[in-house]
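K.L.:
Dropping a structure here in C-alpha cells format, bear with me for questions.
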Amino acid sequence: MQRQLYLVDNPVDRLARTLEALLVIAPRPLAVEELAQAAAAGAERVETALGLLAGRYREGRSGIVLERVAGGYALRAAREAAEACARLVERPVQRGLSQAGLETLAIVAYLGPVSRPEIARIRGVAADSAVAGLCERGLIQESGRDGEGGAIRYRTTPLFEQVFGLAGPEELPSLDDLAGDGEELRERLEAVAARRGA
Amino acid sequence: MGQALAVRDLDLDLDAFEGPFDLLLTLILKEELGLPEVDVAEIVIAFVERLERREGAFTPAQLEVCGEFLVLVAALLELKARELFHEEGELDVEELDPDEAALELAERLAEYRRVKAGALWLEERLTAESDRFFRLGPAPAAPPPVRRLAPQDPARLAAALRVLAAEPPAPSLSHMPLRYPPVTQFLERFRAALRRRRRFVFDEEVDGLSRIEQAVAFLALLELRKAGEIKLGQPAPFEPISVWKAA
C-alpha cells in the first residue's frame with residue numbers, strides 16, 4: 001500500500017497554512033487585520049493560528065522564522081543561515097550607514113516628525129545630505145509640513161523598524177535611559193581633569 | 001622638545017572637507033564652504049588627538065598654539081551659531097546675555113548628547129541585527145475590489161443589448177448640398193452677355209440676386225479677367241463696375 005502524508009485538517013491548521021502562504025508572498029510585515037481580511041477570518045482566530053506558526057517557525061527548528069516586527073508579522077531567514085544569505089543577497093539599506101546618518105535617524109526616530117532645520121539645530125550641522133540619504137534608503141519619509149508652506153517634516157518608516165528588528169516604535173529604549181544622568185558625565189569630566197592636573 | 005604643534009597645518013578629515021585647517025578657514029572666509037556643513041567638534045577632536053600624540057613636556061610656545069586654536073575655534077563656533085540661528089530666524093544670539101547664551105548652549109548640548117546616545121544604540125542594534133535577513137521588495141498593488149452586481153434578469157439585459165446593437169439612423173446630409181450656383185454658370189452668362197452687347201454694368205447684371213450669388217458672380221468676373229477675356233473699369237471705389245470684351 002502506498003504511504004501518504006496527511007496534513008492535519010482542523011480549522012486552525014487550515015487557517016495557519018493560509019497565513020503561511022500570505023506571509024511567504026508578502027514583501028513587508030502584515031498586520032493581524034490585513035491577514036484577517038485576506039484570509040477571511042476573525043482577528044482572534046488569526047492570532048491563534050499565528051501562535052501555532054510561531055511554534056513551527058522559530059530559531060533552531062526551521063530555516064524560516066516568524067517574527068513580530070514593524071507592527072505586523074513577517075517571515076525571515078533564521079540567524080544560523082545568515083552567512084549563506086549574505087553570500088546570496090546584498091543589503092543596501094543597512095550598508096554604509098554613516099555616523100551622520102545614524103544621528104539624523106535617531107533624531108527622526110525619537111523626536112519625529114521633525115524638519116531639516118530642527119535636525120540641523122540639534123546636530124549643529126546641516127542635515128540635507130543625511131536626510132536625503134535616509135530617504136533614499138527608505139528609512140525615513142516625508143510626513144507633512146511645519147504649518148502651511150513650512151519645512152517638510154520627516155518620520156521613520158516601517159522599513160526602519162524592520163531593519164532594526166523593532167516590533168514597533170515603543171520598543172525604542174528611552175533616551176533618558178540611554179544618555180544616563182548628566183551628573184555622571186560631569187563626574188567623568190572632572191576625573192579626566194584631575195588626572196591631567198596630576 | 002617634542003613634536004611641533006602648528007594649528008594651521010592641522011590635518012582634517014571631515015565629512016565636508018579634507019585638508020589642512022588653514023585651507024578650511026580660507027574657504028570659509030571666501031564663502032566657498034558653508035559653515036553649517038562643518039562639524040566643529042571633529043576639528044577639536046583632531047586637535048586633541050594631535051595633542052595626545054605629542055611627546056615631551058609642554059612648552060610655552062605650545063601653550064600659545066593651544067590658545068590660538070581656542071580663539072580660532074571659538075570664532076568658528078560663533079560664526080556658525082550666527083548662521084544657524086539666523087537661518088531659522090528663531091533666536092538672535094546678540095540679544096542673549098552671556099548667562100542665557102550659556103544656558104541655551106548647555107540645553108542644546110544636553111539634547112545633542114541624548115540624540116548621540118540614541119544613535120549609538122541604533123548602531124549597536126544594527127550590528128546585533130546584522131544576521132537577520134528578510135525579503136525586501138516593492139509592495140505589489142492590491143487587486144481591484146470586486147464589484148458585486150445585483151441579480152440580473154436575462155431578458156432585460158438582452159433587451160438593453162438589443163437597443164445598443166440596433167442599426168443607428170443614417171446621418172443626414174441635407175446640409176451638404178451647395179446653396180449657390182457654380183461659378184461656371186456665371187462664366188457662361190457673362191460670355192453670353194458680351195456676345196450680345198459690347199459692354200455691361202456688373203451691378204445691373206447681378207441686381208436681384210442673393211448676396212451669395214452676387215459673390216459667386218464676382219468670382220466669375222475675376223476669373224474672366226484673369227483669363228484675359230474681359231476688361232474691367234470702375235470710376236471710383238464702390239462705384240458700378242463696367243465690363244467689356246478684351247480686344
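FYI, it's all coordinate maths here, none of it is from the lab. If you're wondering where the values come from, they're calculated on a predicted model, not measured in any experiment. Backbone-built Cβ (ideal geometry, glycine too); neighbour counts: all protein chains shown.
K.L.:
Would you kindly state how much longer the chain becomes between B:Gln185 and B:Glu68 on full extension, computed as 0.36 nm times their sequence separation minus their alpha carbon distance, in nm to one decimal? Write down the numbers at each step before the final one.
P.N.:
Working: separation 117, 0.36 × 117 = 42.12 nm, distance 10.81 nm.
Gain on extension, B:Gln185 to B:Glu68, equals 31.3 nm.
K.L.:
Sequence-distant or interchain residues sharing an amide H contact under 5 Å with B:Leu10, placed H: which?
P.N.:
Amide H neighbours of B:Leu10, under 5 Å, 5+ apart: B:Phe21, B:Asp22.
K.L.:
With a bin width of 10 angstrom, please list the P(r) values of chain A as percents of all Cα-Cα pairs, from the 0 bin to the one holding the largest distance.
P.N.:
Result returned by the calculation: 7, 24, 25, 22, 13, 5, 2, 1, 0, 0.
K.L.:
Considering the Cα trace of the range A:11-87, what is its radius of gyration and what is Dmax, both in angstroms?
P.N.:
12.5, 40
K.L.:
How far is it, in nm, from the label point at A:Val93 to the one at B:Ala170 when both lie 7 Å from their Cα along the line to the Cβ?
P.N.:
Spacing of the two 7 Å Cα→Cβ label points: 6.9 nm.
K.L.:
Report the full-extension gain for the segment B:Arg195 to B:Ala159: residue separation times 0.36 nm, less the Cα-Cα distance, to one decimal in nm. Before the final figure, lay out each step's value.
P.N.:
Working: separation 36, 0.36 × 36 = 12.96 nm, distance 7.00 nm.
Roughly 6.0 nm would be gained on extension.
K.L.:
Right, something else. Testing the spin-label approximation: label points 7 Å from Cα along Cα→Cβ at B:Ala75 and A:Asp9. State their distance in nm.
P.N.:
8.7
K.L.:
Next question. Pairwise over distinct Cα atoms, reciprocal of the mean inverse distance: report the Kirkwood radius of the range A:99-179 in Å, one decimal place.
P.N.:
Details: mean 1/r = 0.0778 Å⁻¹.
About 12.9 Å, per the Kirkwood formula over Cα pairs.
K.L.:
Using the charge dipole of the range B:143-247 (Lys, Arg: +1 at Cβ; Asp, Glu: -1 at Cβ; taken about the Cα centre), state which of B:Thr184, B:Gln214, B:Ser172 has its Cα farthest towards the positive end.
P.N.:
B:Thr184
K.L.:
Please list, in order, the residues from the range B:185-209 whose amide nitrogen is less than 17 Å from a point placed 7 Å along the Cα→Cβ vector of B:Leu222.
P.N.:
Taking a point 7 Å out along Cα→Cβ of B:Leu222, the residues of the range B:185-209 whose backbone N falls under 17 Å are B:185-187, B:202-203.
K.L.:
Spelling out what I want: for every residue of the range B:122-138, take phi, set θ = phi - 60°, compute 6.51 cos²θ - 1.76 cosθ + 1.60 (Karplus), and round to whole Hz; glycine and proline get x.
P.N.:
4, 5, 5, 5, 4, 5, 5, 9, 5, 9, 9, 10, 9, 6, 10, x, x
K.L.:
Residue by residue, what Karplus-based ³J(HN,Hα) values in Hz, rounded to whole numbers, does the range A:13-30 have, using 6.51, -1.76 and 1.60 with θ = phi - 60° and x for Gly and Pro?
P.N.:
Each residue's phi maps through the Karplus curve to give 5, 4, 5, 4, 5, 5, 5, 4, 4, 5, 5, 6, 8, 7, x, 8, x, 10 Hz.
K.L.:
Taking the mean number of other Cβ atoms within 10 Å as a proxy for protection, how do you rank A:121-132, A:86-97, A:33-44, B:34-45 from highest to lowest? Walk me through the numbers on the way to the answer.
P.N.:
Numbers: A:121-132: 20.7, A:86-97: 11.8, A:33-44: 15.0, B:34-45: 17.6.
Top of the packing list down: A:121-132, B:34-45, A:33-44, A:86-97.
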